[in-house]
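First comes the structure, then the notes that go with it.
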Amino acid sequence: MSWEYGSIIFIYGMVVGSFLNVCIYRLPLEKSVIHPRSGCPACGYLLPWYDNIPLFSWLWLRGRCRSCRQAIAVLYPLVELAAGLLALQVVNRFGLSWQSLWIVLLGFAFLVLMVIDFYHYILPDLITLPGIVLGLVVAGLSVETPPLATLESALIGVAAGGGGLWLFAYLFEKITGKVGMGMGDIKLLAMIGAWMGWQSLPLTLFAAGLMGSVVGISWMVISGRDRSQPIPFGPYLVLGAWLYLFYGQEIYRWYLS
Ligand SMILES: [Zn+2]
């Protein structure tokens, strides 16, 4: 990919990232993501276009509101940067294609889910449920284009993702006596199944469990927090699924040989 194409895709990704920030901020508060225009959460100052340029406005204003000088969370430019890099990574791997467009869209949804779950311990139905439906539609539209699923494998994926994780959560609760996963995680796994097929689920769950345990245990050791502290599982499921999307075929081939 030439650098001209690359920069255009990166900039498009960051512009959408700016909208993803609005979703991340407003969805947990159950506010509209369209109205009103973006403003400073502290003083209500409505952002003119030049204060709303992804990444650069934050850098230019050195992370503070122009009006009240209140600090603007570093999360916002980070999400924009992540969205730009994500778009670049997908197009770099899957080319300029319909498939890439769908995968970028999925990546954006993943990014929003991940950040919201990290801060609020929820995975909004407003994203996961349409996510399941859209995954099935895309599977129905495209013919045999891994890593996206065929319709058959997507349908099995939804059933296995939803049902499989429910079983996992049930057993976890039986064995440890505490709630490990919420319904949100189960819907997210059904969504992953819808997009990438049932084949993606073992690796996604394994990688998520591994990353979640490593981070969770390290966090307990470092912070001295007790085990009853909830750990959001959504971000790890998302990372596991993303790993499968890019390296799943290779990992399975390596594992089977
Ligand atoms: Zn302000």
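The values are calculated or read from the model by the stated rules, or taken from the named source; none is laboratory data. All values derive from a computational prediction rather than experimental measurement. Note: ideal-geometry Cβ built from the backbone for every residue, glycine included; neighbour counts use all protein chains shown.
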Exercise. Does G44 satisfy the condition of being in the same structural domain as L20 (by TED's automatic domain parsing), small (G, A, S), out of contact with any helix residue (DSSP H, G or I) (no Cβ under 6 Å at 6 or more places or on another chain) and under 19 Å from G17 (Cβ atoms)?
Worked result: no
Exercise. How many of the residues making up the stretch 147-180 are loosely packed, with under 15 Cβ neighbours inside 10 Å and in contact (Cβ under 8 Å) with a residue 12 or more places away in the chain?
Worked result: 2
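Could you list, in sequence order, the residues of the stretch 64-85 that are among the charged types (D, E, K, R) and away from the ligand (no atom under 16 Å from the Cβ)?
First pass over the stretch 64-85, keeping only residues among the charged types (D, E, K, R): 64, 66, 69, 80.
Within the stretch 64-85, E80 is the sole residue that qualifies.
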For this session: Kindly check whether there is at least one residue in the stretch 156-174 that is under 24 Å from F118 (Cα atoms), in a loop (DSSP other than H, G, I, E, B), among the β-branched types (V, I, T) and under 19 Å from the mean Cα position of the chain (by Cα).
Result: no
Exercise. From the list E173, E152, E144, E80, which one is among the charged types (D, E, K, R) and modelled with pLDDT of 95 or more?
Worked result: E80
Exercise. If only one of V79, V33 is in a loop (DSSP other than H, G, I, E, B) and either buried (at least 20 other Cβ atoms within 10 Å of the Cβ) or touching a Cys at 6+ places or on another chain (Cβ under 9 Å) (or both), which one is it?
Worked result: V33
Problem set entry | Output for the stretch 77-130, where each listed residue is of a type in the set (S, T, Y) and in contact with a Pro (Cβ under 6 Å, 6 or more places away or on another chain) | Y121
For this session: Could you tell me whether S7 is part of a helix (DSSP H, G or I) and surrounded by 19 or more Cβ atoms within 10 Å (Cβ to Cβ)?
Result: no
Exercise. Taking the stretch 16-55 only, how many residues are hydroxyl-bearing (S, T, Y), over 11 Å from Y76 (Cα atoms) and more than 16 Å from the ligand (Cβ to nearest atom)?
Worked result: 1
Exercise. Do we have G240 as surrounded by fewer than 21 Cβ atoms within 10 Å (Cβ to Cβ) and not aliphatic (A, V, I, L, M) here?
Worked result: no
For this session: Answer yes if at least one residue in the stretch 223-244 is among the hydrophobic types (A, V, I, L, M, F, W, C) and not in a helix (DSSP H, G or I), and no otherwise.
Result: yes
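Condition check ((1) of a type in the set (G, A, S); (2) touching a residue at least 24 places away in the same chain (Cβ under 8 Å); (3) touching a Gly at 6+ places or on another chain (Cβ under 8 Å)) across all residues:
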| residue | (1), (2), (3) |
| --- | --- |
| V74 | no, no, yes |
| L81 | no, yes, yes |
| V90 | no, no, yes |
| I103 | no, yes, no |
